[in-house]
Amino acid sequence: MVGMPNHSSHSPALPAVAVLGLGAMGQALAGAFLAAGHPTTVWNRSPGKGEDLVARGATRAAAPADAVRAAEVVVVCVLDYDAAQAVLDQAAGELPGRLLVNLTSDTPERAREAAAWAGALGADYLDGAVMVPVPMIGTPDALIFHSGPRAVYEKYEATLGALGGRTAHVGEDHGLAAVHDLAVLDFFWTAMHGLVHGFALAATEGVRATAVAPYMNALAALLSSVVDGTARELDAEEFPGDLDNLTVEAANVRHIVRAAERRGLDAGALRGVLTAADRSIALGHGADNWTSIVEGIRRPA
Ligand SMILES: NC(=O)c1ccc[n+]([C@@H]2O[C@H](COP(=O)([O-])OP(=O)(O)OC[C@H]3O[C@@H](n4cnc5c(N)ncnc54)[C@H](OP(=O)(O)O)[C@@H]3O)[C@@H](O)[C@H]2O)c1
């Protein structure tokens, strides 16, 4: 049973939304819909979550099907796609004719499977990926990828825009939000590993992380400046090595691996970088620039 909705602060013109899953992210999403004035129904597997949302005007549903029945746009955001499917299976009969937006993170394959499942039911489906932490949801800088039919996205762009000012449609193929998510987070986690590893390496010689941090910041700015150029080189498959070359840069990585291992640190990630660089060099890219490491990445042992 869905309780009596409190529509006092809602605009009747805005689509009603349901948010299934009230973890940290689901609560933030529901809060942003409420703040934008959408009639919002919420459901979570375990009781006790989202009390403040209800206090702000959300309606709590007793079951996923009740939440879906109350909404035009259904957002699911839970642990993974197995959990999402377990929730949606309980509401399958109510989904036809509504828009389902899956903001759970997973792989492109799982996104395409979910799209096929929703399509077979007769529901519109957009897959999505939230690219920012909880506190940024609902702010102008919050980036959320969506993929699926463009016409569906455009119809609900204003509704989805309540979740973040940098909401982006990245393609009609439902897997593409997850593809963008994986690519961006591949970069992020590799860089985050390097950040912590560099601090740990300095610490083996008694240098505190805060002493190195200003120089890490300078490097982070440099990293930001090479993103577009690297992308253009990869799209063109051209790696001019007149200013720097892979042979010299691989030697630099080898020094760090040796120094780290000598100091008892794990150097597995950098060893992987070195292996890919050496493979590219063996393939004839020693005089090309760093981006040519992609040839070694494309040919794992
Ligand atoms: N938190 C972030 O900063 C962040 C950023 C970007 C993307 N995301 C993505 O957002 C999604 C949710 O993350 P979160 O931070 O909200 O996680 P969380 O706080 O750990 O919440 C997990 C949610 O999943 C539900 N759940 C787990 N297994 C379930 C099942 N079998 N059936 C039904 N519900 C189930 C939980 O319900 P119970 O309360 O009943 O356990 C809870 O609502 C994830 O895909 C995550 O990658 C999160």
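Numbers for the structure displayed
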quantity: Tabulated pairs, segment 213-232, first within 13 Å of residue 187 (Cβ to Cβ), second surrounded by 10 or more Cβ atoms within 10 Å (Cβ to Cβ) and not aromatic (Phe, Trp, Tyr), C-beta under 6 angstrom, 6+ apart or interchain; calculated: 230/291
quantity: Residue match in segment 39-57 (condition: in contact with a helix residue (DSSP H, G or I) (Cβ under 7 Å, 6 or more places away or on another chain), within 15 Å of the ligand (Cβ to nearest atom), in a helix (DSSP H, G or I) and assigned by TED's automatic domain parsing to the domain that holds residue 102); calculated: yes
quantity: Every residue from segment 78-134 that is out of contact with any helix residue (DSSP H, G or I) (no Cβ under 7 Å at 6 or more places or on another chain) and within 7 Å of the ligand (Cβ to nearest atom); calculated: 79, 80, 82, 83, 86, 132, 133
quantity: Any hit, segment 173-183, residues being of a type in the set (Asp, Glu), more than 18 Å from the chain's Cα centre (by Cα) and either in a helix (DSSP H, G or I) or surrounded by 18 or more Cβ atoms within 10 Å (Cβ to Cβ) (or both); calculated: no
quantity: Every residue from segment 92-141 that is touching a Gly at 6+ places or on another chain (Cβ under 9 Å), surrounded by fewer than 22 Cβ atoms within 10 Å (Cβ to Cβ), of a type in the set (Gly, Ala, Ser) and free of Cβ contacts under 8 Å to residues at least 60 places away in the same chain; calculated: 97, 122, 123
quantity: Residue count for segment 38-64, restricted to those that are at positive phi and surrounded by fewer than 15 Cβ atoms within 10 Å (Cβ to Cβ); calculated: 1
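Okay, residues lined up against (1) over 26 Å from the mean Cα position of the chain (by Cα); (2) loosely packed, with under 11 Cβ neighbours inside 10 Å; (3) farther than 23 Å from residue 183 by Cα; (4) modelled with pLDDT under 95:
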| residue | (1), (2), (3), (4) |
| --- | --- |
| 233 | no, no, no, no |
| 247 | yes, no, yes, no |
| 263 | yes, no, yes, no |
| 292 | yes, no, no, no |
| 298 | no, no, no, no |
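The values are calculated or read from the model by the stated rules, or taken from the named source; none is laboratory data. Since the structure is predicted, the reported quantities are computational estimates derived from the model, not experimental observations. In this analysis, Cβ positions are derived from the backbone assuming ideal geometry, glycine residues included, and neighbour counts consider all displayed protein chains.
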